[in-house]
Amino acid sequence: MAFSERVTRLKSSLIREILAAAQRPEVMSFAGGLPAQEMLPRVEWDALPVNLGQYGTSEGEPELREAIAAQARALGVECDASQVLVTAGSQQALDLAAKLYIDQDTQVLLEGPSYLAALQSFQFFGADCLTVPLTAEGMDIEALRQCLETNKPAFAYLIPTFQNPSGVRYTEACRDQVAALMDEFSVTLIEDEPYRELIFDDAPATPIVSRLKRTSWIYTGTVSKTLLPGLRVGYLIASLDLYPYLLRLKQAADLHTNRIGQWQALQWVGTPRYQAHIQELRNFYRARRDAFQAALVRHFGELADWNQPQGGLFFWLTLRQPIDTRLLLEPALAQDVAFMPGEPFFSDPEGNLGRLRLNFSHVAPERVDEGLSRLASVIKAAQAL
């Protein structure tokens, strides 16, 4: 068949394959970024306007765009509703950005590690992914400067608040330094913030785009982690120079986003009950994080190193005796445990062995101890070979 050249770069999603394999109810899955089932809010449909069954605008529902813009302004992002584009999850925002910027061998700058699905999308379009390592405070600023002095990335893609997979939250000082470098080298910033609301230990975390003075930017978010992933409602907010192009790309992709899902999101976003729901989420996930931390100390204290995340949904472990954690998937699933290997979160998987991403939100606390015990046993058996 005469497919396009880029189809040769098409890869299946490892995380989706793992989740499919973990569908059996007896499997304890630490793999996906799944919200806890019991924290998905009950929604009502009786007041849904009939006209929302009709086609909508590509930009999204006006009232929802206003609510999203107001929420962003409260964080310090200077914007109005005309800069908001509602998308089918924040993943579509990344796809649109990739289409806007990437040709074969276009350089893009990422954190190391970075969000697996973003890496997959950028590489599909032919990107040359440059990575800058993370520290506990955020991007390694000296390494970032060196990268920008020797390369010309089309954009930088960052997840500064509870980064996926590492859980790192950039300090205010690091955010200032990153913004200054983006301006200095005129690099577009794509700031992805799906976990912003899931904060357990209070500390400031103003978006980096709010600190930019000159360069272009795209800021993305979603309701998937705070409301219902099944709504598939996300958004991007873009600087005025980029927005018209992203809108045309959206029109070419799908014409408009699910209006019924947008209506349901609008019943929550910006309302007092939404804030109350988010506070319940924080309390619930904080307790799960703490229980997971205690179980990790019991079963992984001698196997790995990690930092307790201040928010988000993940622990990021580095094994003290590195092995290719992808090889652990089959024996772990045989023990009814699923996890996410760390290697695919790097543009150079073979050079970054021995890391695991573990989700703490989905498995009930009474099962976590047994699940981590089994996973630790699988790792010890593999390391003994």
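In terms of the ratio Rg/(2.2 N^0.38 Å) built on C-alpha atoms, what value belongs to the stretch 183-306? The partial results should precede the final answer.
On the way: Rg = 18.6 Å, N = 124, 2.2 N^0.38 = 13.7 Å.
In units of the 2.2 N^0.38 Å rule of thumb, it is 1.36.
Please report the relative contact order for the chain, taking Cα pairs under 8 Å with a sequence separation of at least 6, and give it as a percent rounded to a whole number.
RCO, the chain: 23 percent.
Once you put a point 7 Å from the Cα of residue 55 and another 7 Å from the Cα of residue 320, both along the Cβ direction, what distance in nm separates them?
About 6.3 nm separates the two model spin labels.
Please tell me the relative contact order of the stretch 193-335 in percent, rounded to the nearest whole number, where contacts are Cα pairs under 8 Å and at least six residues apart. Please report the intermediate quantities before stating the final value.
Values: 113 pairs, mean separation 36.8, N = 143.
Computed over the stretch 193-335, the figure is 26 percent.
Let's test the formula: R0 of 22 Å, r as the Cβ-Cβ distance of residue 99 and residue 3. What FRET efficiency results, to the nearest 0.05?
Using R0 = 22 Å, I get an efficiency of 0.75.
Residues with amide H under 5 Å of residue 225's amide H, sequence separation 5 or more or different chain, H placed in the peptide plane at 1.01 Å from N; which?
none
Just flag the trypsin sites (Lys or Arg not before Pro) in the stretch 31-74 sitting in loop per DSSP whose Cβ has no more than 12 other Cβ atoms within 10 Å.
Numbers: sites: 42, 65, 73; in loops: 42.
Of the trypsin sites (Lys or Arg not before Pro), the ones in loops of the stretch 31-74 whose Cβ has at most 12 other Cβ atoms within 10 Å are 42.
Could you give each residue of the stretch 356-369 its phi-based ³J(HN,Hα) in whole Hz, using Karplus coefficients 6.51, -1.76, 1.60 with θ = phi - 60°, and x for Gly or Pro?
Using θ = phi - 60°, the values come out as 9, 10, 10, 7, 10, 8, 8, 7, 4, x, 5, 9, 4, 4 Hz.
Quick one: go through the stretch 21-64 and flag any residue whose amide nitrogen is under 16 Å from the point 7 Å out along the Cα-to-Cβ line of residue 367.
21-40
If you roll a 1.4 angstrom probe over the protein chains with everything in place, what fraction of the accessible area of the chain belongs to carbon and sulfur, to the nearest %?
Ligands and nucleic acids excluded, carbon and sulfur reach 51 percent.
Between residue 13 and residue 135, what is the spin-label point distance in nm, taking each point 7 Å from the Cα along the Cα→C-beta axis?
Those two pseudo-labels are separated by 3.4 nm.
Between residue 384 and residue 150, what FRET efficiency follows from the Cβ-Cβ distance if R0 is 51 Å, with the result rounded to 0.05?
Efficiency, rounded to the nearest 0.05: 0.75.
Taking only protein heavy atoms into account and a 1.4 Å probe, give the accessible area per residue of the stretch 260-377 in Å². Provide the component values of the computation, followed by the final result.
Values: 4780 Å² over 118 residues.
Result: 41 Å² per residue.
Would you kindly derive the ³J(HN,Hα) couplings of the stretch 138-155 from the backbone phi angles with the Karplus curve 6.51 cos²θ - 1.76 cosθ + 1.60 (θ = phi - 60°), listing them in order in whole Hz, with x for Gly and Pro?
Residue by residue, the stretch 138-155 yields x, 4, 5, 5, 5, 5, 5, 4, 4, 4, 6, 6, 10, 9, 10, x, 5, 7 Hz.
Modelled label-to-label distance, residue 334 and residue 273, 7 Å Cα→beta-carbon offset: nm?
5.0
Can you compute the FRET efficiency between residue 290 and residue 74 using 1/(1 + (r/R0)^6), with r the Cβ-Cβ distance and R0 = 22 Å? Round to the nearest 0.05. Spell out each step's value before the answer.
Working: r = 29 Å, r/R0 = 1.31.
Here the calculated transfer efficiency is 0.15.
Given H placed on each backbone N at 1.01 Å, which residues far from residue 112 in sequence or on other chains put an amide H within less than 5 Å of it?
Those lying under 5 Å, H to H, from residue 112 are 132, 134.
Where only protein heavy atoms count, and the probe is 1.4 Å, what is the accessible area per residue for the stretch 1-115 in Å²?
54
Subtract the Cα-Cα distance of residue 201 and residue 253 from 0.36 nm times their separation in residues, and report this length gain in nm to one decimal.
14.8 nm
From the phi angles alone, apply the Karplus equation (6.51, -1.76, 1.60; θ = phi - 60°) to the stretch 176-192 and give each ³J(HN,Hα) in whole Hz, x where the residue is Gly or Pro.
4, 5, 4, 4, 4, 6, 4, 5, 4, 9, 6, 9, 4, 9, 10, 10, 9
Helix-only estimate, please: 222 nm mean residue ellipticity of the chain, summing -39500 (n - 2.57) across DSSP H runs of length 4 or more and dividing by its residues, to the nearest 500. Show your work: numbers first, answer last.
Working: 11 runs with 141 residues, N = 385.
It comes out at -11500 deg cm²/dmol, rounded to the nearest 500.
Which of these values of Cα extents along the principal axes in Å was calculated from the structure shown: (1) 65, 47, 42; (2) 50, 50, 50; (3) 58, 56, 53?
Only one option fits the structure, namely (3).
The values are calculated or read from the model by the stated rules, or taken from the named source; none is laboratory data. The structure presented is a predicted model; accordingly, all values stated were derived computationally and were not measured. Positions of Cβ are backbone-derived with ideal geometry, glycine not excepted, and every protein chain shown enters the neighbour counts. In case anyone asks, the SASA skips ligands and DNA or RNA and just uses the protein heavy atoms, side chains included. Shrake-Rupley method; radii C 1.70, N 1.55, O 1.52, S 1.80 Å.
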